[in-house]
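Every number in this text was worked out from the coordinates using simple rules, so none of it is lab data. Quantities reported herein were computed from a predicted structural model and do not represent experimental measurements. For neighbour counting, all protein chains shown are included, and Cβ atoms are generated from backbone atoms with ideal geometry for every residue, glycine included.
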Amino acid sequence: MFKVYISNLDQRELSYPEGTDIETVLNDVKAELPYPAYVSKLDNAYRALTHTLTHDSHIEFLDLRNQEAWQVYQNSLILIFIKAVHDVLGKKVLINVKNALNKGMFVTMTHPIDDEILASVEKRMREIVDADLPITKEHYTKDGAMKVARKQRMTETTKLLASITNINDIQLYSLDDERQIFYNMLVPSTGYIQYFGLRSYRSGLILQYPQQGDPVHVAEYVEQPKMYEAFSEATKWGQLMDVNFVCDLNEKIIEGDASDFILMQEALHEKKISDIADMIKEKGSRVVLICGPSSSGKTTFAKRLCIQLKVNGFKTLYLGTDDYYKEFSERVYDENGEVDLESIRAIDTGLFRDQIQSLLSGEEVDIPHYDFSIPGKVFGKRITKIDKGTLLVIEGIHALNEEMTLNISPEDKFKIYISPLTPISIDHHNRISATDVRMLRRMVRDYKFRDRSAQGTIKDWPKVRASEDINIFPYNSEADIFFNSNCIYELALIKKYAEPLLKRIKRSEPEYAEAQRLLDFLQFFDLLYEDDDIANNSIIREFIGGSVIVK
């Protein structure tokens, strides 16, 4: 008999015979868990619910609030969707899962989509889920997986497997007669995937599912036309650089062709920033507001935009909302009793609004600098005033929240949302999460410039993400324009910096499982060793170092 300690239930001790799988343990305790679980953390390592116990263990059951569980759910949902499409329309239909959009996943197919087809596919998905069909996993060598990929016309998967040398264990998942390669775990059976929906959208559809903040309801549909335009632009950028999948990126690195598309990426960013400066001039705005989630590259973008605005004949004054945190004595706390630096309650919005209004009126203002070592605002170092030809460029996570600028007329404001929206995927139905891109950026920057370990970044990330869902993402629809800060080559470059940090995390540390998930993700990218071709004003320099803008 093995002893099993359930972390979710105050380390409750249970006993099981040899050969018991984790799903059996889950069935015994799931009624006491707050939300449905889709994967486990076994002794600090992520394990599928089908995993068999071999020793005394500590188990934590993970629901959609966990990034790994969220990806397990999405992958399982995608497999069910592919199976339903092929049952309704035939195996020849190719499916391309593109990106997160409108609180779901944007998907296209090589078959026209109308309401009747959509209804038939969703009906078939419900039937598959209600039947609780098993999802089985087979292990293949790389050569064996490539044979399957060729047979199923998965060109990009075949090229990807051919381009990587450090993988020889590929998981192929079967759902009845449907067999697909996934690079992450799936649930044991279709009955786990209860929450989903389909909705037609543009040239494809939105595959809906719950968000991490509400694990048991399909997320309310939110129209995001500006984000769709940004993704469409990103796709065009990928096509211009001839990099649409990870295999294309690897091929260029292996063949020594990285220099051209690195320079092209930087040129595309520069052109876009110049276009935005022209749009600001045309609108006649006096206040430029820049918002985006953590590690989007807001600071570099804001300062490069200032330069382009100067090219257009404007003077600029750059402000960061972080300098307007409340004093130590006025600090607010979250529901866990910890200091809240994420919500707008932490900002001295009254002082911010007063100073912006005074600046626009031509009055002299003593702009604070927030010193976290005190902690508190320091005055007297930036006393300034501006004339009517000067634009205020304001950057911060709350910049698009109307509470920050409610005393400024809409005509005077130009709103920009920034985030790294990657145009490439691993293959047609294994996409790359922008959230993972941002976490890896932040991890490298935290270590290089903020004396923080990878463990610290991983530990804080769930809190950062939860704050973004409340304080940032709801306001992206307010933006006049989206700026995609992704550098198409960046994961191949960041791998060089992130891998050593992740490998230092020991099995005994709580962050080990997440570190291993990220290492598994990075293994699909060939290393871009040299960064000499990356401009010193590049957004990626904000994270890896060598920036002339962020020092």
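First check a/c for the stretch 2-63, with a ≥ b ≥ c the square roots of the eigenvalues of its C-alpha gyration tensor; if it is under 1.5, answer rounded, and if not, answer prolate when a/b is larger than b/c or oblate otherwise.
The shape class here is rounded.
By how many degrees, between 0 and 90 and to the nearest 10, does the Cα long axis of helix 490-503 differ from the longest principal axis of the chain?
70 degrees
Any idea how far the Cα center of the stretch 170-229 sits from the one of the stretch 404-456, in Å?
Each part reduced to its Cα centre gives a spacing of 22 Å.
Could you tell me the distance between the Cα centroids of the stretch 460-519 and the stretch 34-81, to the nearest Å?
20 Å
For the stretch 308-418, just say rounded, prolate or oblate: build the C-alpha gyration tensor, square-root its eigenvalues into a ≥ b ≥ c, call rounded for a/c under 1.5, and beyond that prolate if a/b exceeds b/c, oblate if not.
Judged from the Cα gyration tensor, the stretch 308-418 comes out prolate (a/c at least 1.5, a/b above b/c).
Please give, to one decimal in nm, the separation of the simple spin-label points placed at residue 150 and residue 132, each 7 Å out from Cα toward the Cβ.
Taking the two extended label points, one gets 4.1 nm.
Could you tell me what a quarter of the Cα convex hull surface of the stretch 225-544 works out to, in nm² with one decimal place?
The Cα convex hull of the stretch 225-544, projected and averaged over all directions, gives 17.2 nm².
Roughly what angle does helix 67-89 make with the longest principal axis of the chain, taking Cα atoms, 0 to 90 degrees, to the nearest 10?
Once rounded, one gets 60 degrees.
Name the longest site-free stretch of the chain, where the excluded sites are GluC sites (Glu not before Pro) in a DSSP loop with no more than 13 other beta-carbon atoms within 10 Å.
19-219
With axes computed from alpha carbons, what is the tilt in degrees of helix 225-240 against the longest principal axis of the chain, rounded to the nearest 10 within 0 to 90?
80 degrees
Give me the number: length gained by fully extending residue 382 to residue 10, i.e. 0.36 nm times residue separation minus the C-alpha to C-alpha distance, one decimal in nm.
128.7 nm
Going by the alpha-carbon gyration tensor, a ≥ b ≥ c the square roots of its eigenvalues, is the stretch 227-282 rounded (a/c under 1.5) or, if a/c is not under 1.5, prolate (a/b greater than b/c) versus oblate?
oblate
Over the alpha-carbon set of the chain, work out the extent along each principal axis and list the three values in angstrom, largest first.
74, 51, 48
At 222 nm, what value in deg cm²/dmol follows for the chain if DSSP H runs of at least 4 each add -39500 (n - 2.57) and the sum is divided by all its residues, to the nearest 500?
-12000 deg cm²/dmol
Full extension from residue 232 to residue 162: what is 0.36 nm times the residue separation minus their Cα-Cα distance, to one decimal in nm?
Extra length available between residue 232 and residue 162 comes to 22.4 nm.
Each label point is 7 Å from the Cα along the Cα-to-Cβ direction; what then is the distance between the points at residue 223 and residue 470, in nm?
Distance between the two pseudo-spin positions: 2.9 nm.
With N denoting the number of residues in the stretch 68-208, provide Rg(C-alpha) divided by 2.2 N^0.38 Å, to two decimal places.
Working it through for the stretch 68-208, the quotient is 1.04.
Which pairs, out of 281/303; 326/551; 298/413; 448/551; 315/413; 326/377, put more than 19 Å between their alpha-carbon atoms?
326/551
Relative to the present Cα-Cα distance, how much length would full extension add between residue 548 and residue 332 at 0.36 nm per residue of separation?
Roughly 74.2 nm would be gained on extension.
Measure out, as a whole number of angstrom, how far apart the alpha-carbon centroids of the stretch 103-147 and the stretch 234-252 sit.
Spelled out, the Cα-based centre of one part sits 25 Å from the other.
Within the stretch 58-77, name every residue whose backbone N is under 11 Å away from a label modeled 7 Å from Cα of residue 520 along the Cβ vector.
68-69, 71-72
FRET efficiency for residue 119 and residue 177, Cβ-Cβ distance as r, R0 = 22 Å, nearest 0.05?
For residue 119 and residue 177, the calculated efficiency is 0.45.
Measure off 7 Å from each Cα along the Cα-to-Cβ vector at residue 254 and residue 240, then give the distance between these two points in nanometres to one decimal.
About 2.7 nm, to one decimal.
Mind sorting 540, 488 by how few other Cβ atoms lie within 10 Å of their own Cβ, fewest first?
Arranged by neighbour count, lowest to highest, 540, 488 become 488, 540.
Looking at the stretch 336-405, which trypsin sites (Lys or Arg not before Pro) are DSSP coil and have at most 12 other C-beta atoms within 10 Å of their C-beta?
Sites meeting the loop and neighbour criteria: 381, 388.
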